[in-house]
1. Whose amide H sits under 5 Å from the amide H of residue 74, counting only residues 5 or more places off or on another chain, with H placed in the peptide plane?
2. Please give the peptides 236-243, 122-129 ranked by average Cβ packing (other Cβ atoms within 10 Å per residue), highest first, as a rough proxy for protection.
3. How much length is gained on full extension from residue 214 to residue 374, taking 0.36 nm per residue of separation minus their Cα-Cα distance?
4. What value, in deg cm²/dmol to 500, does the helix sum -39500 (n - 2.57) over DSSP H runs of n ≥ 4 give at 222 nm once divided by the residues of the chain?
5. Ranked by Cβ crowding within 10 angstrom, fewest neighbours first, how are 386, 416, 200 ordered?
6. For residue 28, which sequence-distant residues (separation of 5 or more, or a different chain) have an amide H within less than 5 Å of its own amide H, given hydrogens modelled in the peptide plane?
7. How would you order 286-295, 398-407, 103-112 from highest to lowest mean count of nearby Cβ atoms within 10 Å?
8. Tell me the volume per residue, in Å³, of the convex hull enclosing the alpha carbons of the chain.
Amino acid sequence: MNFMDFSKEELENLAKPEDYRKGLFIEVGGQIRKLSAVTKADGEKEEIYIPWPKDSLYRAYGKDFVTDTIFKEMPKFDGETLKPDHLNYNLVVDRRLNTYHPLKYKPMPGPDWRHIDELFHHIFGDQYEMGLDYVQILYTNPMQKLPLLLLVSEENNTGKSTFCNFLKKIFGQNATGMNSEELRSRFTSTWVNKLLVFVEEKLLDKDSDGDMIKNLVTGYTTQSEAKGKDREEVPFFAKLVMTSNNIYTPIVIHEDDTRTWVRDIPSLPKKVPGSPDFLTECEKEIPYFLHFLINRQLSIPYEDRLWFAHERFRTAGWERIVNACRSNLEKQVAALLLDIMEYCGIDVLRYSVTHLVDTLALEKIKTDRVAIRHLLKERWHLPMTEKEKERYELYQPNVGGQERYIHTSTTGKWYEFRKEFLQSLTV
């Protein structure tokens, strides 16, 4: 949309306050802004208001017309606010411009939404109802925090992108896509005000990435920064949806993770969710699907801060990623202790931190007390005996002897290792 395309009469009509979204010019907190259409990378156009100097208006239309007509008639707001609401949307809230965008599609009774249903069965499988709950909460309760939804498959063209594009069709300009570098960037103003943020393909395989994602998933505020502008703290309600072809380490997930819902996406049947035609059919059904959602009872009532109890996120895919993300030290300790148990025919071992460091050293595994204490206490959450010197059987490699392992009686503040727990770390 270019203001030079409008006559003075058309401009006067566009500037009427009855329809702010069609107003070519508005005033927000004393700043003049112009409606501009931006073509995004995916070809879709997004309308935004950008700052517009008064001098440019004077040159284009003449100072008298700008002063007597445009300035008088243009909608005026005290400032901006961000209030997501899909059921009772208001463009103006307390004399402030709501920068959250209204949705294109409205709920409407209809015949069916079989293509959407097919897509949800494909993406969520045995968690189909939970998948419907997830999107229903997005639509009816957009401020509610939800888990990071991570869709993974080794193959391309499994429907991951189709699902993300479908959500983009529903939520329009309130959803955006980016890569991992953009997510890591300190310039966040382009996405912190969105409902959905899609992150595709690239790895977020550092511990610092995991900490960042935790904060984004559970935080209610974050820092917004644009180039050349100061940082400011803003409300944050965005939900992250990630897709990857790396099924082992797309992101760092540890045993104590309670924020990530991993779905393994199967190969596509011959006739389904991957073609543009299929997405077009899904888009036609959106009004009927939204009508279904607002009349549907959630299958899972509120359980935790991310709505769902975190035990529901522990899918086979989640377990696989957690195990793949374990450190070499974790894997080495678990493997050695399981080997001792197997050789000696026992199911329980006990070690003090010092004795475990010494035992690992006999197998040429280099570590120190700080690393072992962190592993046992912070990562494995193992309890330690309360007594300062409690007697227990110490099993260690028998270097140079006939028997692979020997045991002696000793004392110390020990941690207990059970076979079942160690086996769960190596699945």
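Bear in mind that the values in this text are calculations on the coordinates, not laboratory data. The structure presented is a predicted model; accordingly, all values stated were derived computationally and were not measured. When we count neighbours, we look across all protein chains shown, and the Cβ atoms used for this are built from the backbone with ideal geometry, even at glycine.
1. none
2. Details: 236-243: 22.0, 122-129: 16.9.
Top to bottom by mean Cβ count within 10 Å: 236-243, 122-129.
3. Here the answer is 55.6 nm.
4. My calculation for the chain gives -9000 deg cm²/dmol from helical runs alone.
5. Numbers: 386 7, 416 14, 200 17.
Final ranking by Cβ density, sparse to dense: 386, 416, 200.
6. Here the answer is 33, 77, since their amide H atoms fall under 5 Å of that of residue 28.
7. Order by mean packing, descending: 286-295, 103-112, 398-407.
8. On the way: hull volume 81.7 nm³, N = 427.
Per-residue hull volume (Cα only) is 191 Å³.
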